[in-house]
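**Student:** Here's a structure for you.
Laboratory data are not the source of any read-out in this text; all were calculated from the coordinates shown. Just so it is clear, the model here is predicted, and its values are computed rather than measured. Positions of Cβ are backbone-derived with ideal geometry, glycine not excepted, and every protein chain shown enters the neighbour counts.
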Amino acid sequence: MSELIKITQQGSITKLTLNNPQQRNPLSNAMIEALIEAFDKTEVQQAGMVVLTAEGKDFCAGGDINDFRDIIDATAAEQWEACERFRYMLDKFHSLNPIVVAVVQGRALGGGCGLVASCDFAIATEEAKFGTPEIKLGAFPMVIVPPLIQAMGVRRTMYMSTLGEPIVAQTALDYGLVQKVVASDELHSQIDAFCEQVGKLSASAMRVGKATIRSCTESSFNGGLEIGMGMRSILFSSPEFKQGIKKFLAPKA
């Protein structure tokens, strides 16, 4: 595994850490490949939850400017090919079975903001900032639009992408991009407590629950109800659930 991504485990929780702090953890071609490789690891695929973090002051600065230099004169077909691995990485990330939580400090810009939006929810420090500054370069955050819309909705995605100005953590919380904001000096203790709490929960229930929510968002209302029924049947017939419900229903001393 590339040192660009560190993988650590804490019970049923697997932590993925972006590890290029000197350059603000950019989504370079090498980082993208390291993420793709990490997503295939057994400890990631079978985790109850995946926590995405980053070393250094910033979560992720977005694309690597050196990679952009290599394709500045590329044709449309070549630009498409250059972006394919990034698209593949986001799709693979979105499709992970475990629930994925982003832990954000500092800046999450461009593709880094897209990574946060691709997670199932996010926790950020009070000083964290989120942005899609591509418009200032005459571009637009094209490939990360789908996760941004899923996280924030159409109008907020349009507003944020059109202005290109970063938003603070509290605004990200209001927008739905972030679900919890904590003080910087409490981040590690809060995450440790969070992981300890989640580690006691049913990993299979979380995975099936995530699959249900994702499937329902891509179906009609009635189709979503039927998906929920099917997933419930699978979960409720599992040995883990049966053991848990028997314990819950057992007479209390």
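**Student:** Set the bar at 21 Å for Cα to Cα. Now go through Lys57/Lys200; Lys200/Lys246; Lys15/Lys92 and name every pair that lies beyond it.
**Tutor:** Correct reply: Lys57/Lys200.
**Student:** Quick one: of the DSSP bridges fully inside the chain, what percent are antiparallel, nearest 5?
**Tutor:** So the antiparallel bridges in the chain amount to around 25 percent.
**Student:** Another question, if that's okay. Tell me the angle of helix 187-199 to the major Cα principal axis of the chain, expressed in degrees between 0 and 90 and rounded to the nearest ten.
**Tutor:** 40
**Student:** Counting Lys +1, Arg +1, Asp -1, Glu -1, what net charge surrounds Arg156 among other residues with beta carbon under 14 Å of its beta carbon?
**Tutor:** After counting each charged neighbour, the total is -1.
**Student:** Also, quick follow-up: Would you please classify the overall shape of region 15-79 from the alpha carbon gyration tensor, given that a ≥ b ≥ c denote the square roots of the eigenvalues, rounded means a/c under 1.5, and beyond that prolate means a/b larger than b/c while oblate covers the rest?
**Tutor:** Oblate, since a/c reaches 1.5 and b/c is not below a/b.
**Student:** So what does log10 I(q)/I(0) come out to for the chain at q = 0.14, 0.17 Å⁻¹, using the Debye formula with one equal point on every Cα and no solvent?
**Tutor:** Computed log10 I(q)/I(0) values: -0.99, -1.37.
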